[in-house]
Amino acid sequence: MTVILSLMLMTRGSHFLTELNLPDMSLILFLILGFFIPSLTLFFTLFFVGALIDFGSAVFDVSKGFCLTDGYWGLIPTYAILFYSGYLLKSKNLYQHLNFYVPILLISITFAFIISTNTYYIFSGLFGNPSFFESILHGWNYYPEYLLTNMVYGLIFFFLLKLKRFSQFTSALKSN
């Protein structure tokens, strides 16, 4: 959990560490949490840490608080999708093959995007009173970067899992 919290601190958007230029890793950290430690208590702890970073950053620089609206609560189901995807990948052993892992990752990131974008546009109060379909139209220009960043992080996680399994396999061969 310490590694997950450290990565959250280093990559969370709009805070004092953004000089490192690391894209936000929050979505994949929730997937990793669901994969390794599927605890609802830890889910909400990680959410709380992210919120502390966001609200704390806004205290020091008001311009960084643009996302701190009623739409912020949409992050709970957004992160829950990735958390559950991590749990599903592990519990059904779907993480062992790229042809199962990638579609689950792609679908979960896409649904997370739809939820987070729409809750922001609909509930933030910054865009009038858009319908669900109007809010979808507003946000899609952000989707390619959102998808690419999270797919890269998700694939790094996949290959680290493979590397771990490969090193366990070679260790088992050496011990025989």
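Coordinate-derived values only; no laboratory data. The structure displayed is predicted, hence computed values, not measured ones. Note that we place each Cβ from the backbone using ideal geometry, even for glycine, and neighbour counts take in every protein chain shown.
Spin-label pair LEU5-MET151: with each label point 7 Å from Cα along the Cα-Cβ axis, the two points sit 3.4 nm from one another. Neighbour counts of C-beta atoms inside 10 Å place TYR87, TYR153, TYR101 in the sequence TYR87, TYR101, TYR153, starting with the fewest. This model, with +1 at the C-beta of Lys and Arg and -1 at the C-beta of Asp and Glu, gives the chain a dipole about its Cα centre of some 920 debye. If R0 is taken as 41 Å, the Cβ-Cβ distance between TYR142 and SER167 corresponds to a FRET efficiency of 0.65.
Among THR119, THR78, sorting on how many other beta-carbon atoms sit within 10 Å of each Cβ, with the fewest leading, yields THR119, THR78. Taking every lysine pair in the chain that is 8 or more places apart or spans two chains, those with Cα atoms closer than 26 Å amount to 6. Applying the criteria of a DSSP loop state and at most 11 other Cβ atoms within 10 Å to the trypsin sites (Lys or Arg not before Pro) of the range 47-117 yields LYS92. Taking other residues whose beta carbon is less than 13 angstrom from the beta carbon of THR117, and scoring Lys, Arg as +1 and Asp, Glu as -1, yields -2. Each Lys or Arg adds one and each Asp or Glu subtracts one; over the other residues with Cβ under 15 Å from the Cβ of TYR84, this totals +2.
Listing ARG12, ARG165 from fewest to most neighbouring C-beta atoms within 10 Å gives ARG165, ARG12.
Grab the DSSP H runs of the chain that are 4 residues or longer, score each as -39,500 (n - 2.57), total them, divide by all residues and round the 222 nm result to the nearest 500 deg cm²/dmol.
-24000 deg cm²/dmol, from helical runs alone.
Cα centroid separation, the range 32-98 to the range 105-130: 15 Å.
PHE47 sits among other residues whose Cβ lies under 15 Å from its own Cβ, and their net charge, with Lys and Arg +1 and Asp and Glu -1, is -1.
Per residue, what volume in Å³ does the convex hull of the Cα atoms of the range 2-175 enclose? Provide the component values of the computation, followed by the final result.
On the way: hull volume 22.6 nm³, N = 174.
Enclosed volume per residue, from the Cα hull, is 130 Å³.
Here the spin labels are modelled as points 7 Å beyond Cα on the Cα-Cβ line, and at LEU40 and PHE111 they lie 1.8 nm apart.
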